[in-house]
Amino acid sequence: MYASREDIGYGFGDDSKGGSRPIKPNPNVDGGWAWMIVLSSFLVHILIMGSQMALGILNVEWLEEFNQSRGLTAWVSSLSMGITLIVGPFIGLFISTCGCRRTAVIGGVLNALGWILSAHASGVRYLFLTFGVTAGVGSGMVYLPAVVMVGQYFQKRRALAQGLSTTGTGFGAFLMTALLKYLCTEFGWRNAMFIQGAVSLNLCVCGALMRPLSPGDVAGEKHVVRSNSEDNRAKALSPSTETIKSNGVLSEGLEKKEQAANEEVLDSVQHAETGGTSGSGRSMDGLRILKTVSQLAVTVRKGFAVWYSSYFGAASLFTNRVFVAFVIWALFAYSSFVIPFIHLPEIVKQYKLSSQNDVFPLTSIIAIVHIFGKVILGIISDLPCISTWNVFLMANFTLVTCILTLPLMQTYVSLAVACALIGFSSGYFSLMPVVTEDLVGTKHLANAYGIIICANGISALLGPPFAGWIYDITQKYDFSFYICGLLYAVGITFLLIQPCIQKKQPREKSTEEAQV
């Protein structure tokens, strides 16, 4: 039901060559070192997303320490989570320039620095800068490369690999909650944050494991054989293929000319360096510095050109209507997922289910089933006869239905069933990178997924305050579920409408050509 990157035209002319040349498979694609990448991404999700899910422990300590309002204090954790996702498009620039490995290592240092500086906080507003911004940006610099690298190393089992790596969020929520609770009890919250900063330096190790593949070995860039039905569905969604491809080829030609000019400069520097052995050592050092600076300038300029063309160039990602619909959907999706976590305690209290909820909390049901949902949906999506897009849509339909009907449940068993369905269907989060890669290709995955998680970050940042605002006006939690659920349904509708429009346009064009 959706187009792959070959059909939409983000291959930049790679597929225009006649026939597919036999490519020697890299043993690290779909195997070998690829599983180390999954392990690295799994640990990143534990250390970043798991830690952010456990911030409730620190939030209580901050309330007691600084005596500020709950609303103001809550902005610390909201900023950290929101900025982690919102900076996605800018992290795409770092990845295009420096690569995933260097970006992740720098992000690990920045994240650890944010935790350590927060241990010396003198107020909540100090935490806005050190923890919300510094640690948040560092988290974003590690999180996006962790997702992109899994997409580069896997082709046949992408959904399963993404599902396994993202289960680290669920495991991290349990592990980091227990760790922070123990550290705060034994050493106080300040020392706990300092220790957590030291633990976060392991993100640099995870980043070091992200060994880059050569361009010819990237999984998404290989020729993939697909069924005729999938090809027909994909071609129906790409009315502007030739235009985008031609733009891509044009920009690539200009880039090659620019690269040739830069190489001439580097060659001249190298020639002067080798030919001037009789000169002084100081001049040789100057030439080496000049050569290094020139190479760095070429790398930065090339990375910026790729990043700029993805967002603002003639072959911009936003020329893909299905991708734009996907971004609109992402603006509403994440806020609907967090609503149950906000209002479930009030539902339990209203229906006097606290004794049963204390034995097995409903939020724990969501978290546990969410782990299994990611893996199972990944396995199903990788089956040859199953469309990832259809699985993604069905999971969204199930989630929005549960959110709209949850306020109607009045018993613990019915609430537990609804929460289990919410946890399982929300496992579609592991399919988001897979769907994004199929829409734009591996080459543009970093920039495209950066936009998607940016939209999710806006939703995560504004969703909880919006739900609280609705509750303050209506004094009923029901309306928070209904309004957010309806907004979520609007986002899903965009996903359904755009493919229909894209299918209709080629038929109209062919009819006009037939008349001519």
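The values are calculated or read from the model by the stated rules, or taken from the named source; none is laboratory data. In this text, all values refer to a predicted model and were calculated from it rather than measured experimentally. As a convention, Cβ positions derive from the backbone with ideal geometry for all residues, glycine included, and neighbour counts pool all protein chains shown. The accessibility values were calculated without ligands, DNA or RNA, using every heavy atom of the protein model including side chains. Shrake-Rupley method; radii C 1.70, N 1.55, O 1.52, S 1.80 Å.
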Legend entry - Ranked order, C206, C385 - accessible area, probe 1.4 Å, largest first: C385, C206
Inset, instruction - Just subtract the alpha-carbon distance of E186 and R70 from 0.36 nm times their residue separation and send over the number in nm, one decimal. - result: 39.3 nm
Legend entry - Ordering of 444-452, 362-370, 412-420, 39-47 by burial proxy (mean other Cβ atoms within 10 Å per residue, highest first): 444-452, 39-47, 362-370, 412-420
Legend entry - Accessible area per residue, Å², segment 92-142 with all protein chains present, probe 1.4 Å: 36
Legend entry - Residue-span extension gain [M36 to K352] - 0.36 nm each, minus C-alpha spacing: 109.0 nm
Legend entry - Mean Cβ count within 10 Å, highest first, over the residues of peptides 484-495, 54-65: 484-495, 54-65
Inset, instruction - Give me the distance in nm between label points sitting 7 Å out from Cα along the Cα-to-Cβ direction at T474 and A178, one decimal. - result: 3.9
Inset, instruction - With a point put 7 Å past each Cα toward its Cβ, work out how far R125 is from N202 in nm, to one decimal. - result: 3.7
Inset, instruction - Assuming R0 = 45 Å, can you tell me the calculated FRET efficiency for the pair F397 and L63, based on Cβ-Cβ distance, to the nearest 0.05? - result: 0.70
